[in-house]
Amino acid sequence: MKPDTAQKTVPPLLEVRRLVKTYKSLTAVDDVSFAIPRGICFGLLGPNGAGKTTTVEMMEGIISADSGEVYYKGALRAADFNEEIGIQFQHTELLSYLTVRETLQTFHKLYSRTEDIDVLLKTCNLLEIQKQYNDKISGGQRQRLLLALALVNRPELLFLDEPSTGLDPQARRNLWDIVLNIKSQGKTIILTTHYMREAQTLCDEVAIMDHGCIIARGTVPDLIGEYCSEDSNGGPCAEANLETVFIKLTGRQLRE
Amino acid sequence: MRFKRLWAMFVARNLEFFRDRSAFGWNFLFPFLLIVGFAIVFGGKTFSEYKAGVFPVDSPGGIHHRVEVPESFQSMQYVEFVGVPSLEAGLRLLNQHKIHLLIQQGNPPFVYWINESSPKGYILEKMLIASLQPKDAGNLLNRQVVQGKEIRYIDWLFPGILGMNMMFSALWGVGYVVVRYRKNGVLKRLKATPLTAVEYLAAQMLSRIFLLMFTLIVVWLGSDILLSFDVAGSYFDLAVVFFVGCFSLTAMGLVLASRGVSEEFTSGVLNFISWPMMFLSEVWFSTEGAPQWVKWIAETFPLTHLLIAVRKIMNDGASLSDVMPQIAILSAMTAIFLIIGASFFSWNE
């Protein structure tokens with residue numbers, strides 16, 4: 001078998017087909033399909049209420065879809081799907097009165113395949129605070145702990161839902177470094193974020209959602225090339241970046 | 001089911017409980033203080049104390065000196081005499097049921113007032129009239145005394161307070177805590193792991209049962225040192241009944257924990273269930289003589305059956321076979337609660 005033929009037969013790590021989710025009269029996700037190849041960081045972007053988190057939570061299996069399927073490694077998700085994925089949710093409290101190390105130890109025992117806790121503490125810069133209680137750590141430390149929890153089972157697929165929201169620039173850049181390090185280990189990452197700079201720095205490929213649908217998809221350079229070649233007056237774009245693409249596609253109107 | 005995952009959750013929950021100093025202290029101190037407080041206030045007496053107001057008395061409050069009321073009335077047991085400055089003040093207290101009879105100091109004929117809607121006032125009036133009967137009136141009666149060791153009010157109350165503490169701790173410690181975890185996303189995070197709902201719920205239950213039994217032993221030992229309670233039956237039988245009871249109450253907490261994300265709503269439901277259970281399950285007083293429908297309601301509560309069994313063993317020296325009906329009912333209730341709780345459980349709704 002030739003190498004290029006072999007590559008074609010490898011299914012995407014994750015694929016969603018025709019996902020739909022409605023809440024009463026609101027269609028939060030409307031017939032969304034895409035595939036994510038192995039080893040990339042895939043960014044799912046969109047304004048508030050665009051359907052990003054709903055889409056991601058359907059992929060994770062946290063909520064069920066009204067219709068559509070999610071395929072993992074070419075097959076419908078199996079019972080052991082949770083053993084192979086790591087999730088950092090947007091809003092999650094931690095168990096109270098447990099130290100950072102104890103929290104990791106607790107989650108460590110929930111999986112059959114695990115990463116060494118000291119490695120996790122080092123990877124996520126938590127060594128110095130490992131004996132502190134969860135409610136005594138800062139926002140940045142908390143996000144790093146949540147990331148460490150997502151990595152506790154050495155996941156093949158990592159979901160990061162707005163991991164840097166509320167962090168100061170230092171803490172955010174520190175988190176980016178950790179994510180880039182994880183990415184360099186060949187893990188597949190699905191990232192949702194409101195920070196276009198973050199998506200531009202971390203993502204190999206992005207999809208932009210609005211009103212429950214995917215309205216654009218591609219690599220960051222391709223999207224910039226496609227949507228920032230000229231401004232509304234026909235001249236060259238003043239700022240050719242992902243934020244310009246985002247605003248151009250989703251508009252300037254406030255969503256909340 | 002993986003024991004390793006269940007154990008991880010069991011340990012985490014126990015660490016939370018033991019490190020939360022306020023909750024930890026409250027769980028041990030509250031029942032202990034309640035028991036000691038009641039023992040100090042009531043000693044060997046019961047709740048059934050009668051208060052007679054006497055006026056005019058210059059220094060209001062308890063009367064510890066002789067006043068001009070029938071001497072035989074003043075020497076009666078279980079009647080507390082309260083000084084009142086004036087008729088108006090006395091009538092106000094009588095209307096508010098703070099005293100049960102009001103009597104004016106002076107010579108015969110003695111003048112007294114009662115509130116006709118007060119059962120205790122009725123009894124106290126009879127006591128006043130009886131106190132004025134000739135001494136030989138008792139010849140028509142033949143007095144017999146109950147044989148055997150006296151059961152103090154606190155001996156009767158003690159299992160009630162332990163059971164009540166168990167009930168609150170089981171319902172709030174499982175029901176409320178799990179709803180809070182659902183609301184703040186902890187359950188959602190756990191759902192994203194291989195942990196199953198059965199493993200999680202089993203860990204919560206076992207942790208609470210362990211904590212309840214641990215609390216029970218500590219409170220029992222602490223109270224026993226001060227008040228030396230007698231257990232007529234076997235300690236082993238008592239431990240078995242308490243275990244079955246706390247299993248049932250914890251399973252009931254699981255039903256409340258199965259759904260919901262509103263702490264306020266859950267709090268309301270918990271109060272709605274726990275308060276009637278506290279009053280109708282004979283924690284504080286016997287419902288003997290209460291209407292049948294009240295007794296039927298009481299029988300739907302696990303605490304009722306727990307307290308019946310515990311008091312039978314503790315006060316009457318019953319064995320496990322004697323309290324088998326209560327154990328069977330509690331076990332059946334546990335099974336029903338577990339089925340409902342597990343069927344309705346949701347990680348994130």
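Structure summary
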| quantity | calculated |
| --- | --- |
| The range A:83-117, residues that are touching an Asp or Glu at 6+ places or on another chain (Cβ under 9 Å) and of a type in the set (S, T, N, Q) | A:Q88, A:Q90, A:S96, A:S112 |
| Answer residue from the range B:4-52, given it is part of a helix (DSSP H, G or I) and over 28 Å from B:G173 (Cβ atoms) and is modelled with the lowest pLDDT among those | B:F42 |
| Residue list for the range B:294-323, filter: under 17 Å from B:L280 (Cα atoms), among the basic types (K, R) and buried (at least 19 other Cβ atoms within 10 Å of the Cβ) | B:R311 |
| Failed item in (1) touching a residue at least 24 places away in the same chain (Cβ under 8 Å); (2) surrounded by fewer than 14 Cβ atoms within 10 Å (Cβ to Cβ), with B:Q326 passing the rest | (2) |
| Only one of A:Y97, A:Y71 that is modelled with pLDDT of 95 or more, touching a Lys or Arg at 6+ places or on another chain (Cβ under 9 Å) and of a type in the set (F, W, Y) | A:Y71 |
| Residues satisfying the stated conditions in the range B:333-349, i.e. assigned by TED's automatic domain parsing to the domain that holds B:L195 and either acidic (D, E) or within 23 Å of the chain's Cα centre (by Cα) (or both) | B:M333, B:T334, B:F337 |
| Test result for A:N181, more than 25 Å from A:I224 (Cβ to Cβ) and at pLDDT below 90 | no |
| Residue count for the range A:164-174, restricted to those that are crowded, with 22+ Cβ neighbours inside 10 Å and modelled with pLDDT of 90 or more | 0 |
| Any hit, the range B:291-299, residues being under 30 Å from A:E60 (Cα atoms) and either assigned by TED's automatic domain parsing to the domain that holds B:V179 or not small (G, A, S) (or both) | no |
| Residue in the range A:64-86 that is within 11 Å of chain B (Cβ to nearest Cβ), under 20 Å from the mean Cα position of the chain (by Cα) and hydrophobic (A, V, I, L, M, F, W, C) present | yes |
| Selection count where residues are over 18 Å from B:T193 (Cα atoms) and either among the hydroxyl-bearing types (S, T, Y) or within 14 Å of another protein chain (Cβ to nearest Cβ) (or both), scope the range A:102-142 | 9 |
| The range B:153-211, residues that are free of Cβ contacts under 8 Å to residues at least 40 places away in the same chain, outside any loop (DSSP other than H, G, I, E, B) and not aliphatic (A, V, I, L, M) | B:Y181, B:R189 |
| Residues of the range B:100-127 satisfying the condition of being of a type in the set (S, T, N, Q) and farther than 16 Å from B:S86 by Cα | B:N107, B:N115, B:S117, B:S118 |
| So B:V219, is it surrounded by fewer than 22 Cβ atoms within 10 Å (Cβ to Cβ), in the same structural domain as B:G37 (by TED's automatic domain parsing) and not charged (D, E, K, R) | no |
| Residue check, B:F10 surrounded by 15 or more Cβ atoms within 10 Å (Cβ to Cβ) and more than 8 Å from every other protein chain (Cβ to nearest Cβ) | yes |
| Breaking point among (1) under 22 Å from A:T188 (Cβ atoms); (2) more than 14 Å from chain B (Cβ to nearest Cβ), for A:N153 | (2) |
| Given (1) touching a Lys or Arg at 6+ places or on another chain (Cβ under 8 Å); (2) within 26 Å of A:F81 (Cα to Cα), index of the condition A:E243 fails | (2) |
| Residue list for the range B:87-131, restricted to those being among the aromatic types (F, W, Y) and over 15 Å from B:F55 (Cβ atoms) | B:Y122 |
| Subset of the range A:15-26 [surrounded by fewer than 16 Cβ atoms within 10 Å (Cβ to Cβ) and either assigned to a loop (DSSP other than H, G, I, E, B) or not hydrophobic (A, V, I, L, M, F, W, C) (or both)] | A:R17, A:R18, A:T22, A:Y23, A:K24, A:S25 |
| The listed residue being under 19 Å from the mean Cα position of the chain (by Cα), hydrophobic (A, V, I, L, M, F, W, C) and within 23 Å of B:T334 (Cβ to Cβ), out of B:A197, B:A202, B:A170 | B:A170 |
| Set A:L145, A:L158, A:L149, A:L126: member being within 13 Å of the chain's Cα centre (by Cα) and not aromatic (F, W, Y) | A:L158 |
| Residue tally, condition in contact (Cβ under 8 Å) with a residue 60 or more places away in the chain and under 30 Å from B:L187 (Cα atoms), over the range B:212-241 | 1 |
| Test: residue in the range A:229-239 that is in contact (Cβ under 8 Å) with a residue 12 or more places away in the chain and surrounded by 14 or more Cβ atoms within 10 Å (Cβ to Cβ) | no |
| Count of the range A:136-164 residues which are under 15 Å from A:E93 (Cα atoms) and hydroxyl-bearing (S, T, Y) | 1 |
| Some residue of the range B:113-121 being under 27 Å from B:A39 (Cα atoms), charged (D, E, K, R) and at pLDDT below 75 | no |
| Test for A:R173: is it part of a helix (DSSP H, G or I), closer than 29 Å to A:F107 by Cβ and of a type outside the set (D, E) | yes |
| Hits in the range B:246-299 (condition: polar (S, T, N, Q) and without any contact (Cβ under 8 Å) to a residue 24 or more places away in the chain) | B:N271, B:S286, B:T287, B:Q292 |
| Helices (runs of 4 or more DSSP H) wholly inside the range A:41-151 that include at least 3 residues being hydrophobic (A, V, I, L, M, F, W, C), without any contact (Cβ under 8 Å) to a residue 60 or more places away in the chain and crowded, with 21+ Cβ neighbours inside 10 Å | A:100-108, A:139-151 |
| Residue count, the range B:180-231 (criterion: within 13 Å of chain A (Cβ to nearest Cβ) and either of a type in the set (V, I, T) or touching a Gly at 6+ places or on another chain (Cβ under 6 Å) (or both)) | 3 |
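Per-residue answers, yes or no, for (1) small (G, A, S); (2) surrounded by 14 or more Cβ atoms within 10 Å (Cβ to Cβ):
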| site | (1), (2) |
| --- | --- |
| B:V231 | no, yes |
| B:F236 | no, no |
| B:V241 | no, yes |
| B:S274 | yes, yes |
| B:S281 | yes, yes |
| B:F285 | no, yes |
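The values are calculated or read from the model by the stated rules, or taken from the named source; none is laboratory data. Please read these numbers as outputs of a predicted model, since none were measured by experiment. Backbone-built Cβ (ideal geometry, glycine too); neighbour counts: all protein chains shown.
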